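The structure appears below as structure tokens.
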Amino acid sequence: MTTGLPISTVFFATGLALALIGLCAILTHRNVLRIVIGFTVVDTGLNIAIVATGYVRGGTAPIIDAGLSRANAVTHAVDPVPSALVVTAIVIGLSVTAMMLAFAIRLFAAKKTLSIDALTDSKW
Amino acid sequence: MMRRLSVALIALLLALVFWRLVAGYSEQQTLRPLAVWYVTHAPLDFGVPNVVTGILIAWRGFDTLGEVAVLFMVAASVSMLAGVARGTPAAASGSPGEIVQVGAQVLLPLIVTFGAYVIVNGHLSAGGGFQGGAIVASGTMLARPHAALDVDAFGVAESVAGVLYVLAGVLGIVLAGGFLDPRFLPRGQFGAFFSAGAIPLISTLLGIKVGAELSVVIDRFRLADVARKPAPPSP
């Protein structure tokens, strides 16, 4: 709290690092399921980074109740906009993951393998 | 070898971009003007304590409606892609075992109750339709291997909730300021369970819709038994 990096910088850097790890996983692996996992890791990393940008030093959740009065809210709440955006992004991420897994099932049904190398039909 | 090199190059360049981002980032000391507006106007305009729910259901309500439309599209597409053969489910893959069965009997009411609690308290505390719907769908996942849940019932619940959601939006046009304006119901006492206009109502409809759609998606993946199914004709 007193020394070192601010907490949101740590979260921001961690999120971007996760996104980078996920991208490397997507690019290096040939198994479709591992590629899907790579996409979800990118997704999670970027969500962490976006939420981290909304942090205000010493802030708390933007819910006005006994712990946070209406007068204090402007000075003691974190930015609610990135949180609202990330709720959206999580749902879309889940939808994309479900679609990718459905395509993986179709790939396995058609080619009897999960390797992306089997999908050469539309390769140019 | 060439591929490894290009992957390393891409990762390195992106790491450079991310490093610049992190180096240029500094923690906020005060709220941005937009956030100040939301934090002060959510209690004033809508009487909703949870500002995030206020943004999701009221100001960005149309966007949230589009979001559930995306979820519906995904449920439909997954049904088309994965769940081709209907009605030949779990019997072949066997019983899940006594531990799972008894555990589901004990846990399922608790999970569904907790999900409903999270959905209906979205305007007062952390939670809301999306979060509670996901909890309910996780309960479905636990129950599904043995209990014969009716997927068609989920479809009906999802459709009815969707129609009511749009009707609530139209009521907002007729009785209040615009589409999905939640102020057509009385604001009530700040922080009470029945308060914040129509926000709890819309949040509940959202929760039912999300829970039903995610349950359908989970169910479709369980039906997709590719091992014993002949390969579908290539399109």
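The values are calculated or read from the model by the stated rules, or taken from the named source; none is laboratory data. These numbers were taken from a predicted model, which means no experiment stands behind them. Backbone-built Cβ (ideal geometry, glycine too); neighbour counts: all protein chains shown.
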In this structure, does A:Val42 turn out to be more than 10 Å from every other protein chain (Cβ to nearest Cβ) and not in a loop (DSSP other than H, G, I, E, B)?
yes
Out of everything in segment A:92-124 that is crowded, with 18+ Cβ neighbours inside 10 Å and among the small types (Gly, Ala, Ser), what residue ends up being farthest from the other protein chains (Cβ to nearest Cβ)?
A:Gly93
Could you please find all residues in segment B:157-185 being of a type in the set (A, V, I, L, M), in contact (Cβ under 8 Å) with a residue 40 or more places away in the chain and not in a helix (DSSP H, G or I)?
B:Leu180
Only one of A:Ile26, A:Ile21 is touching a residue at least 24 places away in the same chain (Cβ under 8 Å) and in contact with a helix residue (DSSP H, G or I) (Cβ under 7 Å, 6 or more places away or on another chain). Can you tell me which?
A:Ile21
Hey, B:Val39 assigned to a helix (DSSP H, G or I), among the hydrophobic types (A, V, I, L, M, F, W, C) and in contact with a Pro (Cβ under 8 Å, 6 or more places away or on another chain) or not:
yes
Residues in segment B:101-122 that are under 22 Å from B:Gly133 (Cα atoms) and at pLDDT below 85: how many?
4
Going by what's in this entry, would A:Leu27 be described as facing another protein chain (nearest Cβ under 9 Å), in a helix (DSSP H, G or I), aliphatic (A, V, I, L, M) and surrounded by fewer than 19 Cβ atoms within 10 Å (Cβ to Cβ)?
yes
Report yes if some residue within segment A:47-62 is aliphatic (A, V, I, L, M), closer than 19 Å to B:Gly127 by Cβ, at the interface with another protein chain (Cβ under 8 Å from one of its Cβ atoms) and crowded, with 17+ Cβ neighbours inside 10 Å; otherwise report no.
yes
Every residue from segment A:61-83 that is outside any loop (DSSP other than H, G, I, E, B) and over 15 Å from B:Arg32 (Cα atoms):
A:Ile63
Residue that is nearest to B:Ser159 (Cα to Cα), among those in segment B:54-66 that are without any contact (Cβ under 8 Å) to a residue 60 or more places away in the chain, of a type outside the set (A, V, I, L, M) and in a helix (DSSP H, G or I)
B:Gly66
Just one of B:Ala91, B:Ala76 is more than 9 Å from chain A (Cβ to nearest Cβ), modelled with pLDDT under 80 and part of a helix (DSSP H, G or I); which is it?
B:Ala91
Conditions first: (1) free of Cβ contacts under 8 Å to residues at least 12 places away in the same chain; (2) more than 25 Å from B:Arg3 (Cα to Cα). A:Thr113 passes all but one, so which condition is the exception?
(2)
Could you tell me whether segment B:30-40 includes any residue that is surrounded by 19 or more Cβ atoms within 10 Å (Cβ to Cβ) and more than 9 Å from chain A (Cβ to nearest Cβ)?
no
Scan segment B:3-20 for residues that are more than 10 Å from chain A (Cβ to nearest Cβ) and over 36 Å from the mean Cα position of the chain (by Cα) and jot them down.
B:Leu5, B:Leu9
